[in-house]
1. Closer than 21 Å to Phe26 by Cα, part of a strand (DSSP E or B) and within 11 Å of ligand 3 (Cβ to nearest atom) - does that describe any residue in the stretch 79-91?
2. Give me a count of the residues in the stretch 12-28 that are out of contact with any Ser or Thr (no Cβ under 9 Å at 6 or more places or on another chain), under 29 Å from Ser71 (Cα atoms) and either charged (D, E, K, R) or surrounded by fewer than 19 Cβ atoms within 10 Å (Cβ to Cβ) (or both).
3. Scan the stretch 48-101 for residues that are more than 9 Å from the chain's Cα centre (by Cα), within 22 Å of Ala36 (Cβ to Cβ) and either within 16 Å of ligand 2 (Cβ to nearest atom) or free of Cβ contacts under 8 Å to residues at least 12 places away in the same chain (or both) and report the count.
4. How many residues are of a type outside the set (Gly, Ala, Ser), outside any helix (DSSP H, G or I) and out of contact with any Cys (no Cβ under 7 Å at 6 or more places or on another chain) when one looks only at the stretch 44-72?
5. Examine the stretch 115-132 for a residue that is in contact (Cβ under 8 Å) with a residue 40 or more places away in the chain, loosely packed, with under 12 Cβ neighbours inside 10 Å, away from ligand 2 (no atom under 13 Å from the Cβ) and part of a loop (DSSP other than H, G, I, E, B), and state whether such a residue exists.
6. Quickly run through the stretch 53-87 and pick out the residues that are out of contact with any helix residue (DSSP H, G or I) (no Cβ under 6 Å at 6 or more places or on another chain) and loosely packed, with under 13 Cβ neighbours inside 10 Å.
7. May I ask you to list the residues in the stretch 29-43 that are out of contact with any Lys or Arg (no Cβ under 7 Å at 6 or more places or on another chain), part of a loop (DSSP other than H, G, I, E, B) and surrounded by 14 or more Cβ atoms within 10 Å (Cβ to Cβ)?
Amino acid sequence: MAPAVQILKQHKLRVTPFRVDVLDIFVVAEHALSAAEIESRLSDPDRITLYRTLKSFEEKGIIHKAIDGTSQTKFAMCDAHCHEHSHRDEHVHFHCLKCENTFCIDTVFIPEVTLPEGFRVAQTDMIVSGMCEKCVLNNKQ
Ligand SMILES: [Zn+2]
Ligand SMILES: [Zn+2]
Ligand SMILES: [Zn+2]
């Protein structure tokens, strides 16, 4: 079974050619993708369907927003343990200032933040910016 089909079935989403196409793009993506980037990679793009697809993927725990401090919303694949009612993408997002790509650093977790009394946390995001591996290498040449 193709990975995309398997992921859709695991998250109880009906397998449609469009969903498979979108998921195929995420499976091989090297960095987080904006809707516009996904649209440009689709052979048969349809903006409305794409937005709906991204929304349902996010709700089901297949993808998450990679907050990178820019105004662009980018999405990346979730770890296998994410599901509909429990997204746990508590890793650092890295934003490259040179190529402007955003990467999930899923080996680095966001430390727990202790808030003053009376405050309640809903979500914690951590952005690290700098130069990605590729840009560092290109810079040396
Ligand atoms: Zn998630
Ligand atoms: Zn870069
Ligand atoms: Zn991420």
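1. Yes.
2. Count: 5.
3. The number of residues fulfilling the criteria is 17.
4. Summing the residues that are of a type outside the set (Gly, Ala, Ser), outside any helix (DSSP H, G or I) and out of contact with any Cys (no Cβ under 7 Å at 6 or more places or on another chain) in the stretch 44-72 gives 8.
5. Looking for residues that are in contact (Cβ under 8 Å) with a residue 40 or more places away in the chain, loosely packed, with under 12 Cβ neighbours inside 10 Å, away from ligand 2 (no atom under 13 Å from the Cβ) and part of a loop (DSSP other than H, G, I, E, B), one finds none in the stretch 115-132, hence no.
6. Lys55, Gly69, Ser71, Ala80, His81, His85, Ser86 - these are the residues of the stretch 53-87 that are out of contact with any helix residue (DSSP H, G or I) (no Cβ under 6 Å at 6 or more places or on another chain) and loosely packed, with under 13 Cβ neighbours inside 10 Å.
7. Within the stretch 29-43, Ala29, His31, Leu42 meet the criteria.
Each reported figure results from applying straightforward, stated rules to the coordinates on display, with no laboratory input. Treat the numbers as computed from the prediction; the structure is a model and nothing was measured. Positions of Cβ are generated from backbone atoms using ideal geometry, with glycine treated the same way; all protein chains shown enter the neighbour counts.
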